[in-house]
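Take a look at the structure set out below.
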Amino acid sequence: MKLNERGLLVVISGPSGVGKGTIRKALFEIPDNNFIYSVSMTTRKPRAGEVEGVDYFFVSREEFELGIKNGEFLEYAEFVGEYYGTPLSYIDKQLQEGKEVIIEIEVQGALQVREKMPDAVFVFIVPPSKKALIDRLTARGTERSSEIQRRLEKAEREYNLAYKYDYIVVNDDVFNAADRIFAIIRAEHAKTERSIHKYYKLMEGKE
Ligand code: 5GP
């Protein structure tokens, strides 16, 4: 029995190439989960195989800037020259329905979420070594070498902000990493501050 019925907003960050997307997919394969992935909006061009509305909503700079003006984002940031943002609509409804909403965003955006939704859970994913990250980023072959360099420099700056997160998860193995995040979500639900009110109501026979 789960005392906290509201879903959790789980914010996942980590340097480019660390495997956030792969871990997320493994997380969604865990049986009986009630996870929802919040699809972000971006101005970057789709990579081969990426699908509109599944990986991202791909928009022009003009459309994105209109969204900013209309207050349509929970958070947004510029990452190596492109906009990325989390659409606000939909998230709160899903949380109220008890779904765990997973968002995968870079650090500046995560810090904005920390301000706006302090009860979200913040997970920072790190590679088992620096070399592993360079190898992964190079092997996926989706970026030119200048772009890889920019992403590696960005990774250095992101590591320096990892202390602002609640949890650090090492991606030594995708399924282990997904498992650890699953365990974090379960433990977070059991936290006293999330469950005590419901418990008292039950004890008073009010529910
Ligand atoms: P990529 O171009 O590799 O798909 O994403 C670049 C970075 O932007 C990654 O760190 C990714 O997590 C982050 N990102 C993706 N969606 C969002 C978003 O909605 N907001 C923010 N702030 N970052 C995002």
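Numbers for the structure displayed
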| read-out | value |
| --- | --- |
| Estimated translational D of region 39-97 in µm²/s (Stokes, Kirkwood radius over Cα pairs; 20 °C; 1.002 mPa s) | 179 µm²/s |
| Reach of Lys25 by Cα under 15 Å, taken over aspartates and glutamates that are not fewer than 8 positions away in the same chain | Glu50, Asp55, Glu100, Glu104, Asp173, Asp179 |
| Rounded accessible area of Asp135 (nearest 10 Å², 1.4 Å probe) | 70 Å² |
| Span-rule helices in the chain, defined as complete DSSP H runs reaching 18 Å or more along the axis (Cα) with Kyte mean at least -0.5 | 174-189 |
| Among Pro15, Pro118, Pro87, residue whose mean-square fluctuation peaks in a GNM of the chain (springs only between Cα atoms under 10 Å) | Pro118 |
| Separation of alpha-carbon centers, region 32-60 and region 99-133, rounded to whole Å | 17 Å |
| Ellipticity estimate at 222 nm from DSSP helix runs (n ≥ 4, -39,500 (n - 2.57)) divided over the chain, nearest 500 | -12500 deg cm²/dmol |
| Cα gyration tensor category, rounded, prolate or oblate, for region 2-56 with a/c compared to 1.5 | prolate |
| Eligible aspartates and glutamates near Lys99 by straight Cα distance, threshold 13 Å, same-chain separation 8 or greater | Glu5, Asp32 |
| Relative contact order [Cα under 8 Å, 6+ residues apart], the chain, whole percent | 34 percent |
| Estimated Rh, the chain: Kirkwood, alpha-carbon pairs, angstrom | 18.1 Å |
| Choice from Arg186, Arg61, Arg144 showing the highest fluctuation, given a GNM over the chain with Cα pairs closer than 10 Å | Arg144 |
| Relative contact order (%) - region 39-97, alpha-carbon pairs under 8 angstrom, separation at least six | 37 percent |
| Most mobile listed residue (Asn33, Asn70, Asn176) in the chain, GNM with C-alpha springs under 10 Å | Asn70 |
| Share antiparallel - DSSP beta bridges, the chain, percent rounded to 5 | 30 percent |
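The values are calculated or read from the model by the stated rules, or taken from the named source; none is laboratory data. Fair warning: this is a prediction, and the values are worked out from it, not measured in the lab. These accessible areas exclude ligands, DNA and RNA; they are computed on the full protein's heavy atoms, side chains included. Shrake-Rupley method; radii C 1.70, N 1.55, O 1.52, S 1.80 Å.
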